[in-house]
Amino acid sequence: MITIVTKDNADRHVGHLHQMHRIRKTVFKDRLGWDVTLSGELEVDEYDALGPTYVLSIDRYGKLNGCVRLLPTTGPNMLRDIFPFFVTKAALPCDERVWEASRFAVSRISSAAEPGISQTTYELLMGVLKFGQSNGISTIACVVDVRMERILRRAGWQLERLGPAQRIGNTIAMAGQLQVSAQILRQLEARAGLAHAAAA
């Protein structure tokens with residue numbers, strides 16, 4: 001189940017947000033070895049203080065399986081402030097209809113719908129698309145590694161690169177943008193449904 005958490009309802013999801021920061025620490029620090037800011041067993045950065053929107057995948061028992069953070073590009077965001085050098089083919093995104101997705105993280109225990117793509121991943125991607133459609137968002141900007149680019153392509157959401165891939169520490173990453181549309185959502189829903197049926 002997808003839950004959308006904003007600054008207006010965050011006080012009702014304190015436990016889920018705590019789980020989110022724990023998963024982010026597990027994924028980005030422990031698993032990927034990124035240089036991220038930690039507070040004990042939690043990964044938290046300055047963009048979490050800006051009232052972002054979180055798309056959370058929560059199972060029937062209330063356990064968080066995955067998350068992604070969304071921020072408008074008209075304000076502070078990671079692509080503009082930290083990774084502008086990734087964007088060489090266009091101007092840095094700055095438009096009320098363009099939002100940035102960051103901190104996409106999925107628990108390792110999430111079941112795979114097909115090799116490399118978990119049901120949680122599909123659920124989060126569709127959650128981002130539905131939120132985008134409901135809020136007049138036309139484009140999602142992001143910085144992803146090559147593994148995530150492949151996952152997006154196989155899921156049916158094609159990333160348009162905004163510049164060449166570059167090595168950052170142990171990661172090869174790039175900036176890109178994803179179009180938000182009803183057609184893309186239908187494609188993801190169809191692929192997720194077929195993968196779920198095959199795994200059942």
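The values are calculated or read from the model by the stated rules, or taken from the named source; none is laboratory data. Small disclaimer: the values here were computed from a predicted structure and weren't measured. With ideal geometry, Cβ positions are generated from the backbone for all residues, glycine too; neighbour counts draw on all protein chains shown. The protein model used for the area step is the full one, side chains on, heavy atoms only, and it has no ligands, DNA or RNA in it. Shrake-Rupley method; radii C 1.70, N 1.55, O 1.52, S 1.80 Å.
When you look at ILE58, is it over 20 Å from MET148 (Cβ atoms), of a type in the set (A, V, I, L, M), open to solvent by less than 20 Å² (accessible area, probe 1.4 Å) and in contact (Cβ under 8 Å) with a residue 12 or more places away in the chain, yes or no?
yes
Going through the stretch 91-110 one residue at a time, which ones are among the acidic types (Asp, Glu) and more than 13 Å from the chain's Cα centre (by Cα)?
Let us first name the residues in the stretch 91-110 that are among the acidic types (Asp, Glu), namely 95-96, 100.
Of everything in the stretch 91-110, those that are among the acidic types (Asp, Glu) and more than 13 Å from the chain's Cα centre (by Cα) turn out to be ASP95, GLU96.
Residue by residue through the stretch 18-36, note down the ones that are more than 18 Å from SER118 (Cβ to Cβ) and either part of a loop (DSSP other than H, G, I, E, B) or open to solvent by less than 30 Å² (accessible area, probe 1.4 Å) (or both).
Selection gives HIS21, LYS25, GLY33, TRP34, ASP35, VAL36.
State all residues of the stretch 142-163 that are open to solvent by less than 50 Å² (accessible area, probe 1.4 Å) and closer than 24 Å to ARG31 by Cβ; if no residue qualifies, say none.
CYS142, VAL143, VAL144, ASP145, VAL146, MET148, GLU149, ILE151, LEU152, ALA155, TRP157, LEU159 - these are the residues of the stretch 142-163 that are open to solvent by less than 50 Å² (accessible area, probe 1.4 Å) and closer than 24 Å to ARG31 by Cβ.
Test LEU17 against the stated conditions and say whether it is of a type in the set (A, V, I, L, M), over 20 Å from CYS142 (Cβ atoms) and modelled with pLDDT of 95 or more.
Yes, satisfied.
Restricting to the stretch 21-53, name every residue that is more than 17 Å from ARG108 (Cα to Cα) and among the β-branched types (Val, Ile, Thr).
The answer is VAL36, THR37, VAL44, THR53.
Out of the residues in the stretch 169-185 that are on the phi < 0 side of the Ramachandran plot and surrounded by fewer than 16 Cβ atoms within 10 Å (Cβ to Cβ), state the one that is modelled with the lowest pLDDT.
From the stretch 169-185, those on the phi < 0 side of the Ramachandran plot are 170-185; that's our starting set.
Keeping just the survivors that are surrounded by fewer than 16 Cβ atoms within 10 Å (Cβ to Cβ) gives 170, 172, 179, 181-183.
Numbers: ASN170: 78, ILE172: 92, GLN179: 98, SER181: 97, ALA182: 97, GLN183: 97.
Of everything passing the filter in the stretch 169-185, ASN170 is modelled with the lowest pLDDT.
Just to be sure before I move on: is LYS89 in a loop (DSSP other than H, G, I, E, B), open to solvent by 60 Å² or more (accessible area, probe 1.4 Å) and closer than 22 Å to ARG147 by Cα in the structure I sent?
Spelling it out, LYS89 is indeed in a loop (DSSP other than H, G, I, E, B), open to solvent by 60 Å² or more (accessible area, probe 1.4 Å) and closer than 22 Å to ARG147 by Cα.
For LEU129, indicate whether it is within 18 Å of PHE28 (Cα to Cα), in contact (Cβ under 8 Å) with a residue 12 or more places away in the chain and within 13 Å of the chain's Cα centre (by Cα).
No.
Taking the residues in the stretch 61-74 that are of a type in the set (Val, Ile, Thr) and surrounded by fewer than 23 Cβ atoms within 10 Å (Cβ to Cβ) as candidates, determine which candidate is farthest from GLN19 (Cα to Cα).
Filtering the stretch 61-74 for residues that are of a type in the set (Val, Ile, Thr) and surrounded by fewer than 23 Cβ atoms within 10 Å (Cβ to Cβ), the one farthest from GLN19 (Cα to Cα) comes out as THR74.
Could you check PHE104 against (1) within 24 Å of ALA182 (Cβ to Cβ); (2) open to solvent by 20 Å² or more (accessible area, probe 1.4 Å); (3) free of Cβ contacts under 8 Å to residues at least 40 places away in the same chain and say which number it fails?
Against the list (1) within 24 Å of ALA182 (Cβ to Cβ); (2) open to solvent by 20 Å² or more (accessible area, probe 1.4 Å); (3) free of Cβ contacts under 8 Å to residues at least 40 places away in the same chain, PHE104 comes up short only on (3).
If I ask for residues that are closer than 19 Å to ARG103 by Cβ, assigned to a strand (DSSP E or B) and not polar (S, T, N, Q), which ones from the stretch 121-172 would you list?
ILE140, ALA141, CYS142, VAL143, VAL144, ASP145, ILE168, ILE172
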